[in-house]
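The values are calculated or read from the model by the stated rules, or taken from the named source; none is laboratory data. Keep in mind it's a predicted model, so treat the numbers as computed, not measured. Positions of Cβ are backbone-derived with ideal geometry, glycine not excepted, and every protein chain shown enters the neighbour counts. Surface accessibility is based on the protein's heavy atoms, side chains included, excluding ligands, DNA and RNA. Shrake-Rupley method; radii C 1.70, N 1.55, O 1.52, S 1.80 Å.
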Amino acid sequence: MEELPVPQNIKINNITCDSFKISWDMDSKAKERITHYFIDLNKKENKNSNKFKHKDVPTKLVAKAVPLPMTVRGHWFLSPRTEYTVAVQTASKQSDGDYAVSEWSEIIEFCTADYSAVHLTQLLEKAEVIAGRMLKFSVFYRNQHKEYFDHAREAQNNKMLPSVKDNSGSHGSPISGKLEGIFFSCNTEFNTGKPPQDSPYGRYRFEICAEALFNPKTNLYFGDFYCMYTAYHYVILVLAPEGSPGDEFCKQRLPALDIADNRFLTCTQGEDGRLAFHHAQDVILEVIYTDPVDLALGTVAEISGHQLMSLSTVNAKKDPSCKTCNISVGR
């Protein structure tokens with residue numbers, strides 16, 4: 001029997017967080033004999049991790065021969081922002097049920113995309129379910145070590161400067177490793193209405209009036225929803241001054257929230273013209289402010305409580321098994 005054609009010049013495009021389109025060139029004479037395609041898809045970092053498995057039990061997707069390009073979709077084997085290798089065989093199903101196959105094509109590498117706005121909206125809707133009632137607050141605060149604030153005063157013209165967000169939270173989050181900002185908290189203790197005296201991030205706390213960072217000239221975006229194998233759930237929000245680089249970044253990637261009417265963080269104006277601020281009680285808010293902040297706009301003081309390192313979310317990995325904060329795409 002004449003050999004089946006080996007796929008040539010493989011192209012990958014239309015890549016999302018859990019799908020891609022694949023096409024290739026092949027000899028048109030043999031097309032009518034091809035009944036199936038075998039696609040070998042592997043995470044790049046695991047390519048050589050288990051040679052026995054890859055030799056004897058290949059990771060193959062079997063697809064009926066369809067016009068190219070062909071869409072490959074599946075959250076059970078594709079995760080966001082992950083590098084993969086892919087190779088293709090053409091196959092012809094025989095009368096005895098076995099397959100005649102071509103040689104494998106060359107191996108191509110590609111990387112899946114971040115969550116799209118559709119996926120982030122699904123996360124947003126899940127977070128809204130558990131956000132709880134709204135509590136008043138009046139200040140944003142940021143805990144750090146004394147050296148952090150000393151450096152801001154001495155080397156950064158008395159300013160806290162934005163830095164690139166770490167990889168905590170959902171693996172597909174479009175802000176991880178890309179958005180620059182400064183993390184603030186605003187959660188209060190329900191019995192005092194004030195910030196808690198404990199913190200995972202350092203014994204020194206910068207406090208600033210909420211209005212200085214959050215006002216009608218600020219845009220608010222939903223960034224992420226996750227947990228770390230605990231009962232606590234975290235919502236990441238982004239505060240970006242209108243027209244700032246951070247605002248432009250978020251406009252293209254994140255769901256925008258109405259600052260006066262959402263389930264997480266609100267700024268409303270009373271009849272007297274004063275602004276009032278509320279935060280969701282049942283989630284821990286991590287607020288990223290995208291511009292530099294002058295220490296002169298607030299105060300720095302030592303907290304009286306403990307430094308609870310176990311509650312730190314620095315580079316924290318999301319629990320992929322939690323039904324509350326996961327959606328049906330790669331984690």
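Contact list please: Cβ distance under 9 Å, first residue in the stretch 130-150 and on the phi > 0 side of the Ramachandran plot, second residue assigned to a loop (DSSP other than H, G, I, E, B) and surrounded by fewer than 20 Cβ atoms within 10 Å (Cβ to Cβ), pairs at least six apart or on different chains.
So the pair list comes out as Gly132/Gln281; Gly132/Asp282.
Condition check ((1) outside any strand (DSSP E or B); (2) of a type in the set (A, V, I, L, M, F, W, C); (3) under 27 Å from the mean Cα position of the chain (by Cα)) across all residues:
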| site | (1), (2), (3) |
| --- | --- |
| Ala152 | yes, yes, no |
| Asp166 | yes, no, yes |
| Ile182 | no, yes, yes |
| Asn191 | yes, no, no |
| Arg205 | no, no, no |
| Ile208 | no, yes, no |
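Given the options Ala231, Ala260, name the one that is touching a strand residue (DSSP E or B) at 6+ places or on another chain (Cβ under 7 Å), surrounded by fewer than 16 Cβ atoms within 10 Å (Cβ to Cβ), within 23 Å of Met134 (Cβ to Cβ) and free of Cβ contacts under 8 Å to residues at least 24 places away in the same chain.
Ala260
Somewhere in the stretch 69-80, is a residue closer than 28 Å to Val118 by Cα, over 27 Å from the mean Cα position of the chain (by Cα) and either at pLDDT below 90 or open to solvent by 50 Å² or more (accessible area, probe 1.4 Å) (or both)?
Scanning the stretch 69-80 turns up at least one residue that is closer than 28 Å to Val118 by Cα, over 27 Å from the mean Cα position of the chain (by Cα) and either at pLDDT below 90 or open to solvent by 50 Å² or more (accessible area, probe 1.4 Å) (or both).
Between a residue in the stretch 216-228 that is without any contact (Cβ under 8 Å) to a residue 40 or more places away in the chain and any residue that is surrounded by 21 or more Cβ atoms within 10 Å (Cβ to Cβ) and assigned to a loop (DSSP other than H, G, I, E, B), which pairs come within a Cβ distance under 6 Å, given they are 6 or more apart or on different chains?
Pairs found: Tyr221/Leu254.
Per-residue answers, yes or no, for (1) modelled with pLDDT under 85; (2) of a type in the set (Asp, Glu); (3) closer than 30 Å to Tyr229 by Cβ; (4) not in a loop (DSSP other than H, G, I, E, B):
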position: Ala296; (1), (2), (3), (4): no, no, no, yes
position: Ala301; (1), (2), (3), (4): no, no, no, yes
position: Ser304; (1), (2), (3), (4): yes, no, yes, no
position: Thr313; (1), (2), (3), (4): yes, no, yes, no
position: Ser321; (1), (2), (3), (4): no, no, yes, no
position: Thr324; (1), (2), (3), (4): no, no, yes, no
position: Ser328; (1), (2), (3), (4): yes, no, yes, no
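Looking for whichever is surrounded by 17 or more Cβ atoms within 10 Å (Cβ to Cβ), at pLDDT 90 or above, out of contact with any strand residue (DSSP E or B) (no Cβ under 9 Å at 6 or more places or on another chain) and over 30 Å from Ala276 (Cβ atoms) here; the options are Asp166, Asp150, Asp114. Which one fits? It would help to see each step written out before you state the result.
Working: Asp166 fails: surrounded by 17 or more Cβ atoms within 10 Å (Cβ to Cβ); Asp150 fails: surrounded by 17 or more Cβ atoms within 10 Å (Cβ to Cβ).
Answer to the check: Asp114.
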